Amino acid sequence: MKGLKSRLPALIDRADKLSDSVRLRLRKTTGFSNPLMIIPYLGYGTADKLLFAGRVLEDEKFTPASSADRSWRNLINMYKRFETDEVPGARIRARFQGSESEAITDEEGYFSFEIQPVGRLDSNQWQQVELELLDPPPLAEHPVRATARVLVPPATARFGIISDIDDTVISTNVGNKLKMILTVILSNAYTRKPFEGVAGFYRALQRGATGGEDNPIFYVSSTAWNLYTMLLEFLNLQKIPLGPLLLRDFGDHLLFSKDPESHKKSNIKMILDSFPHLPFVLIGDSGERDPEIYRDVVKEYPTRIRAIYIRSINKHSSRLAAIDKLIEEVRHTGSQLVLVPDSEFAAAHAAAEGLISTGGLAAVRSEKKKDQTAPTQQALTR
């Protein structure tokens, strides 16, 4: 049994690749049955370099979600998100400041760009890069185009924020895989709700102590890329500040991953290395390995981490004892790991540390009260 469990990730990956290969041969023979689309992911960069990625898929024509959707409708849409028809070998052209570059999608339909601006960037925080699908040619005469948005933090930013998503921003029950799956597949961006006060706390961090800092926020999560558009819609609906979402391919998802920490660590390091002048605040939860990952990060970058906020969702004494040890380890670096029961507690600490204003703290408290009286997440059995 143990041997089978250790081989399961490789078997699943092999089956996925075989399925993709068969479908690709069929599509090369019969042609693509649906129009193609480019899904650009929010990226980040500096005056010297813009980084972003995306994916080319067949357009599955999702039914727009609403708060009235029943579980069966959410289940159908979720099936479409994971049963993607990716387009490997597609050729994408990116155009920025009059300069062009090209990329080819990999076997899962992903592409990435690293663009060096040829001139000064405009004053917009979100730079826009025009994308066009060159090959395969579109089914109709209309070109397949999209616009990638790349976050370039302004000079007013005093620090950055890196946050987990599952069980940090939104309740996902990652510690219970069955509950997690049911939560994800039977809900949508409207029916899922953030933890109380989260939106206000993240807005306060973005504004900073002066109220106009525009501190950048990055979301690094083990969530699959298949949920990207739903998460983006969720952030917009809940008025949680947008930022680049750095997710994972479904084949490497945490249910089957041999090394669930490497994805987060590598992306956090890339962000820190991209903005060496900025200190950072890290936000996660106690359910999985966020405290250990952040401990390792602060040890490698001891002068860069202002504070670590860990939402307490695991009340087991053994886990609490382990986190107490991590708190002590982080303290010796000059940073702080703070185990918080909710966003108001974290906001109070952030205000005392000069990360947010007292007005921002008051706004978090007010929003928390509103969230407590708002309708809860719809029942999964609806």
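Regarding the stretch 68-89, can at least one residue be identified that is open to solvent by 30 Å² or more (accessible area, probe 1.4 Å), closer than 17 Å to GLY43 by Cβ and either modelled with pLDDT under 95 or not small (Gly, Ala, Ser) (or both)? No, because not a single residue in the stretch 68-89 is open to solvent by 30 Å² or more (accessible area, probe 1.4 Å), closer than 17 Å to GLY43 by Cβ and either modelled with pLDDT under 95 or not small (Gly, Ala, Ser) (or both). Among the residues of the stretch 269-302, those identified as open to solvent by 10 Å² or more (accessible area, probe 1.4 Å), free of Cβ contacts under 8 Å to residues at least 40 places away in the same chain and over 16 Å from ASP48 (Cα atoms) are LYS269, ARG289, GLU292, ASP296, LYS299, GLU300, TYR301, PRO302. Name the single residue that is surrounded by the fewest Cβ atoms within 10 Å (Cβ to Cβ) among those in the stretch 309-349 being out of contact with any strand residue (DSSP E or B) (no Cβ under 7 Å at 6 or more places or on another chain) and within 19 Å of ALA209 (Cα to Cα). Looking at the filtered set, the residue picked out is ALA348. For the stretch 263-282, the criterion of a residue being within 21 Å of ASP167 (Cβ to Cβ) and touching a Pro at 6+ places or on another chain (Cβ under 8 Å) is satisfied by no position.
Checking SER343, SER312 one by one, the residue that is touching a residue at least 60 places away in the same chain (Cβ under 8 Å) and of a type in the set (S, T, N, Q) is SER343 and no other. Within the stretch 139-158, the set of residues being of a type outside the set (A, V, I, L, M), open to solvent by 80 Å² or more (accessible area, probe 1.4 Å) and out of contact with any Leu (no Cβ under 9 Å at 6 or more places or on another chain) comprises GLU141, HIS142. Considering the stretch 219-228, and only residues there that are within 10 Å of the chain's Cα centre (by Cα) and part of a helix (DSSP H, G or I), the residue that is surrounded by the fewest Cβ atoms within 10 Å (Cβ to Cβ) turns out to be TYR228. Between ILE170, ILE185, the distinction of being open to solvent by 10 Å² or more (accessible area, probe 1.4 Å), modelled with pLDDT under 95 and either touching a helix residue (DSSP H, G or I) at 6+ places or on another chain (Cβ under 8 Å) or under 30 Å from GLU353 (Cα atoms) (or both) belongs to ILE185 only.
The values are calculated or read from the model by the stated rules, or taken from the named source; none is laboratory data. Worth saying up front: this structure is predicted, and the values here are computed from it rather than measured. For neighbour counting, all protein chains shown are included, and Cβ atoms are generated from backbone atoms with ideal geometry for every residue, glycine included. Accessible surface is based on the protein model in full, side chains and every heavy atom, while ligands, DNA and RNA are left aside. Shrake-Rupley method; radii C 1.70, N 1.55, O 1.52, S 1.80 Å.
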